[in-house]
1. Those residues that are β-branched (Val, Ile, Thr), part of a helix (DSSP H, G or I) and within 26 Å of residue 277 (Cα to Cα), I need them from region 134-181; list them, please.
2. So if I check each of 262, 250, which one is assigned by TED's automatic domain parsing to the domain that holds residue 392 and touching a Pro at 6+ places or on another chain (Cβ under 9 Å)?
3. Among the listed residues 232, 244, identify the single one that is among the β-branched types (Val, Ile, Thr), assigned to a helix (DSSP H, G or I), in the same structural domain as residue 295 (by TED's automatic domain parsing) and within 20 Å of residue 70 (Cα to Cα).
4. Is there a residue being surrounded by fewer than 24 Cβ atoms within 10 Å (Cβ to Cβ), of a type in the set (Gly, Ala, Ser) and under 27 Å from residue 27 (Cα atoms) anywhere in region 99-118?
5. State all residues of region 173-222 that are under 23 Å from residue 86 (Cα atoms) and at pLDDT 85 or above; if no residue qualifies, say none.
6. Can you name the residue in region 58-81 that is modelled with pLDDT of 80 or more and of a type outside the set (A, V, I, L, M) and is also surrounded by the fewest Cβ atoms within 10 Å (Cβ to Cβ) among such residues?
Amino acid sequence: MSSHPRRPHAPASGNGSAREALRAIFNRNFTVVSVVNLLVMTAYYLIFVTSATYARATYDADLSTAGLTAGIMVIGCLVGRFATGNLLSLCGCRAILLSGLLLYSLSIAAFFWVPNLFLLFMQRLFMGVGVGVIGTATGTIVAYVVPHEHHGLGISIFSMSTAFALALGPFLGILISTNFTYDVLARTCLGIGLFCIVCFFGLRALPEMRHRRRPFLELYSYIDPRVVRFSIVALITCLSYGCIQAFMTSFAAERGLTTAASLFFLLYAIMALLTRPLTGRLFDLRGENIIFYPALLLTALSLTLLAHARESWMLLLAGLLLGAGFGNFQSAGQAVSLSLVSRSRFAQATTTFFIFFDLGIGLGPYLFGFLVPSMGYGGMYQALAGVVLVALLAYYLLHGRAVSRLE
């Protein structure tokens, strides 16, 4: 890989330096966008895990059609992320974040006037677009407001909001849908959207991002080619996580591990929350290779354990290993994507990385679901462990060996 901008590694130091780093990271803007990201992603996962059930119960949709009501939100996210890369540079962080929050809240409000399945698809699509816009805007703002020498730690802490939402959203979704009507669930999400708009006005002045206007039909306006090669690793890796998300419920039911499965993502989130501050600090001190090789190996090990899980403890241990592995892949990956570009291209770098990230999650169930009838869920997860090892090799070839030479 060709040479690229490198962040300066922070000098090794003690607790005093760590406290100074945290003090520099936790400014007002960082706190606001972290809260917004946590709440928006919680509502997103809350709806995601209940969307198919609602479509089947309300519109008597078949299983594949009902599943599309959730999948179309991922498509919307991709659309929102793609468009936002250029719009952030043209309009600035504040305007784009507010636009995303308004679109998100309005799309949830529109649910109460949806009379048929087609309009439900449209409502979910626009909600996904709003999530994509918000996610890219908050990720870009964090890249600007966190001091450059603390990017690894700062982005790791910020991404903990997504990890926590991954556990909280499905838990609340199942709890509310089981004990209340779907209207209560939708009102909860609408309330979250409106509260996030209130939080938005707590932002102080944000860094200036306006740059020269680029043509809307020029691909460089939306993504950065310097980040594409590294993002291929994210796409390959995320194929496995997409299948874990999509098939965990069915897999657990088949093996009689439903109770353990309800705790799987909670343990994943806990391990990610516990390890990200450490890995973020290591990233700043030692670079990305010390994070990525163990993270990908732990992800492959988690999938192997998942493939052979016949008892609850095996499934729960797989969740912990996934949190330590894949849970740190996202945050470190975003930090690497920012290190590949100049400050003026942070928006495009963030967009590029998460387009490939979300695309992998969305494609995984479609590409590997066909293995289930012949190999079973266990065979599919074992095959995906091999795919993650391919991602590890791709990381070495596309990025890791160049980093080793520079260091």
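1. Start the filter on region 134-181 by keeping residues that are β-branched (Val, Ile, Thr), which leaves 134, 136, 138, 140-142, 145-146, 155, 157, 162, 174, 176, 178, 181.
When the remaining residues are screened for being part of a helix (DSSP H, G or I), the result is 134, 136, 138, 140-142, 145, 155, 157, 162, 174, 176, 178.
Scanning region 134-181 gives 134, 136, 138, 140, 141, 142, 145, 155, 157, 162.
2. Numbers: 250 fails: touching a Pro at 6+ places or on another chain (Cβ under 9 Å).
Sole residue among the options that is assigned by TED's automatic domain parsing to the domain that holds residue 392 and touching a Pro at 6+ places or on another chain (Cβ under 9 Å): 262.
3. Details: 232 fails: within 20 Å of residue 70 (Cα to Cα).
Answer to the selection: 244.
4. For region 99-118, residues surrounded by fewer than 24 Cβ atoms within 10 Å (Cβ to Cβ), of a type in the set (Gly, Ala, Ser) and under 27 Å from residue 27 (Cα atoms): present.
5. Hits for region 173-222 are 197, 200, 203.
6. At the first step, the residues of region 58-81 found to be modelled with pLDDT of 80 or more are 58-60, 72-81.
Retained after the next criterion (residues that are of a type outside the set (A, V, I, L, M)): 58-60, 76-77, 80-81.
Values: 58: 14, 59: 15, 60: 10, 76: 22, 77: 29, 80: 29, 81: 30.
Here the residue is 60.
Conditions tested, residue by residue: (1) among the basic types (Lys, Arg); (2) in contact (Cβ under 8 Å) with a residue 40 or more places away in the chain; (3) crowded, with 24+ Cβ neighbours inside 10 Å.
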| position | (1), (2), (3) |
| --- | --- |
| 337 | no, yes, yes |
| 346 | no, yes, yes |
| 372 | no, yes, no |
| 375 | no, no, no |
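The values are calculated or read from the model by the stated rules, or taken from the named source; none is laboratory data. Worth saying up front: this structure is predicted, and the values here are computed from it rather than measured. Note: ideal-geometry Cβ built from the backbone for every residue, glycine included; neighbour counts use all protein chains shown.
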